[in-house]
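Asks: So that we are looking at the same thing, I have put the structure below in structure tokens.
The values are calculated or read from the model by the stated rules, or taken from the named source; none is laboratory data. Small disclaimer: the values here were computed from a predicted structure and weren't measured. Neighbour counts are summed over all protein chains in view; Cβ atoms, including those assigned to glycine, are modelled from backbone coordinates with ideal geometry.
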Amino acid sequence: MFGHWDGVFFLEIAEHGYHWDKFYAFFPGYPLLLRIVADSVLAPLSSILAYRSTLVVAGFLVSHASFVVAAVMLYKLGCIVIKDATHAYYAALLFCVNPASIFCSAFYTESLFCALTFGGLVCLASERERGILFTVLGGVLFVGAASTRSNGITYCLYLAHSGLFRVHGMLRTGSTAQWGLVAVQVVLCFAMIAPYLFHLRSAYLSFCVPLDESSPVWCSGSVPNIYSHCQKAYWGLGLWKYYQLKQLPNFVLAGPVLGLSVKASWLYGAADPVRFFSGGLKTSDPTRTGGGFTGPAVGVYIYHWIAVLVLAAPVIHIQVLTRLLVATPPLYWYAAQLVMHKGWGRYMVLGFFLGYFVLGALLFPNFLPWT
């Protein structure tokens, strides 16, 4: 059951590499890690299992170990950002039964991506107390995330936001003490783009060199991009292409996570509109420095949440938003806030999380479509 749907592609890439152009819709981080684990930790199994079976075991271990790491990192991040261990604990529990949980157990990138991004965010949030090395470590983990999924590049927003605050502070005080750290953050952002560019270059060298009449049509594009080609040709992705009446059931399926996204963003923005629209550089209440979901430190997480929605919703299959947003910490912080308080919100959130948890466990293993 764990190798269904896209899991088949990851196993095939791990075993045989990118021998078909369709495979380039998937980034190499996860299958490469499967191969490393199969060839090292699980090498003794080669005498009793076929290599494909060893990769299956590796996938099971990587996905489940990553899921545990992700849950722990989300808890640590919550303790730092919202400054409430109980709130962070509830958020981590909700992550463990998140609506896309079945993909965290399968041979998909969700668990590994969450572990890398949550770990990177913990490092960035800890930088003030632990120094620049934690910024670098966070950036390295983000590079790993960008090697796993294309949307890993969006985590550059966290480095950019931090750099903006540093530049603003230096311009205001006349200090130059932190320009070195800003330079490091710029380098890390470029490093996060590198896996995407290397992925495209690898495909170009494999399919377009030498360039002749038999080369695939995408090779002749002004910017040859096999990733974009695969998404359009094999998955039918494109601007507003999914916005059709026949896809209404899938919009309904994405409704709960879209509703939570809009409500949470509105709640945060309404708490301090000046702070929200200034990117946190200004505030209508300078005395407010506490934690909680509407605390100042949560702002950049909300901006990233909104950015992912704005970039993805017009292009992707809309129901995929449920698992695309699985690596969004404020989704769990807001859901946990609703669960911790009496009212209809508690039951709506629990119904959404547990309902999708059960439905996914039933539909996905039986080859029925799910988010």
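Asks: Give the residues of region 199-224 that are touching a residue at least 24 places away in the same chain (Cβ under 8 Å) and among the small types (Gly, Ala, Ser), sorted by residue number.
Replies: Result: Ser202, Ala203, Ser206.
Asks: Quick check on this structure: which one of Leu124, Leu94 is over 24 Å from Gln319 (Cβ atoms), part of a helix (DSSP H, G or I) and over 15 Å from the mean Cα position of the chain (by Cα)?
Replies: Sole residue among the options that is over 24 Å from Gln319 (Cβ atoms), part of a helix (DSSP H, G or I) and over 15 Å from the mean Cα position of the chain (by Cα): Leu124.
Asks: So, one more: Can you run down the residue pairs with Cβ atoms below 9 Å, 6 or more apart or on separate chains, where the first is in region 1-22 and under 16 Å from Ala50 (Cβ atoms) and buried (at least 19 other Cβ atoms within 10 Å of the Cβ) and the partner is at pLDDT below 95 and acidic (Asp, Glu)?
Replies: Sorted first by the residue in region 1-22, then by its partner, the list stays empty.
Asks: Would you check if there is a residue in region 41-52 being among the aromatic types (Phe, Trp, Tyr), touching a Leu at 6+ places or on another chain (Cβ under 7 Å), modelled with pLDDT under 95 and over 25 Å from Met348 (Cα atoms)?
Replies: Checked region 41-52: no residue is among the aromatic types (Phe, Trp, Tyr), touching a Leu at 6+ places or on another chain (Cβ under 7 Å), modelled with pLDDT under 95 and over 25 Å from Met348 (Cα atoms).
Asks: Can you name the condition, by its number, that Val68 falls short on among (1) out of contact with any Pro (no Cβ under 9 Å at 6 or more places or on another chain); (2) part of a helix (DSSP H, G or I); (3) at pLDDT below 95; (4) of a type in the set (A, V, I, L, M)?
Replies: It is condition (3) that Val68 fails.
Asks: Name the one entry in Tyr242, Tyr227, Tyr196 that is within 22 Å of the chain's Cα centre (by Cα), in contact (Cβ under 8 Å) with a residue 24 or more places away in the chain and not in a helix (DSSP H, G or I).
Replies: Working: Tyr227 fails: not in a helix (DSSP H, G or I); Tyr196 fails: not in a helix (DSSP H, G or I).
Being within 22 Å of the chain's Cα centre (by Cα), in contact (Cβ under 8 Å) with a residue 24 or more places away in the chain and not in a helix (DSSP H, G or I) holds for just one of Tyr242, Tyr227, Tyr196, which is Tyr242.
Asks: Is at least one residue of region 51-63 within 30 Å of Trp218 (Cβ to Cβ), surrounded by 17 or more Cβ atoms within 10 Å (Cβ to Cβ) and free of Cβ contacts under 8 Å to residues at least 24 places away in the same chain?
Replies: Taking every residue of region 51-63 in turn, none turns out to be within 30 Å of Trp218 (Cβ to Cβ), surrounded by 17 or more Cβ atoms within 10 Å (Cβ to Cβ) and free of Cβ contacts under 8 Å to residues at least 24 places away in the same chain.
Asks: Would you mention how many residues in region 316-346 are surrounded by 23 or more Cβ atoms within 10 Å (Cβ to Cβ) and small (Gly, Ala, Ser)?
Replies: 3
Asks: Let me spell it out: the conditions are (1) farther than 30 Å from Gly360 by Cα; (2) at pLDDT 90 or above; (3) in contact with a helix residue (DSSP H, G or I) (Cβ under 6 Å, 6 or more places away or on another chain), and Leu121 meets all of them except one. Which number is the exception?
Replies: Of everything listed in (1) farther than 30 Å from Gly360 by Cα; (2) at pLDDT 90 or above; (3) in contact with a helix residue (DSSP H, G or I) (Cβ under 6 Å, 6 or more places away or on another chain), Leu121 misses just condition (1).
Asks: Could you please tell me which pairs satisfy a Cβ distance under 6 Å, a separation of 6+ or placement on different chains, a first residue in region 165-182 that is within 22 Å of Gly299 (Cβ to Cβ), and a second residue that is among the basic types (Lys, Arg)?
Replies: Within 6 Å, the pairs are Gln178/Arg166; Val182/Arg166.
Asks: Within region 290-298, is there a residue that is free of Cβ contacts under 8 Å to residues at least 60 places away in the same chain and of a type outside the set (A, V, I, L, M, F, W, C)?
Replies: Checked against the condition, which is being free of Cβ contacts under 8 Å to residues at least 60 places away in the same chain and of a type outside the set (A, V, I, L, M, F, W, C), region 290-298 yields at least one hit.
Asks: Here's something else I'd like to know. Among Phe142, Phe207, Phe198, which is the only one that is closer than 28 Å to Ile226 by Cα, of a type in the set (A, V, I, L, M, F, W, C) and exposed (fewer than 14 other Cβ atoms within 10 Å of the Cβ)?
Replies: Phe198
Asks: Search region 314-339 for residues that are over 20 Å from Leu359 (Cβ atoms) and pair each with any residue that is at pLDDT 95 or above and among the polar types (S, T, N, Q) when their beta-carbon atoms are under 8 Å apart and the residues are at least 6 apart or on different chains.
Replies: Ala327/Thr117
Asks: OK, next. Do we have Pro249 as loosely packed, with under 15 Cβ neighbours inside 10 Å and in a helix (DSSP H, G or I) here?
Replies: Yes: the conditions hold for Pro249.
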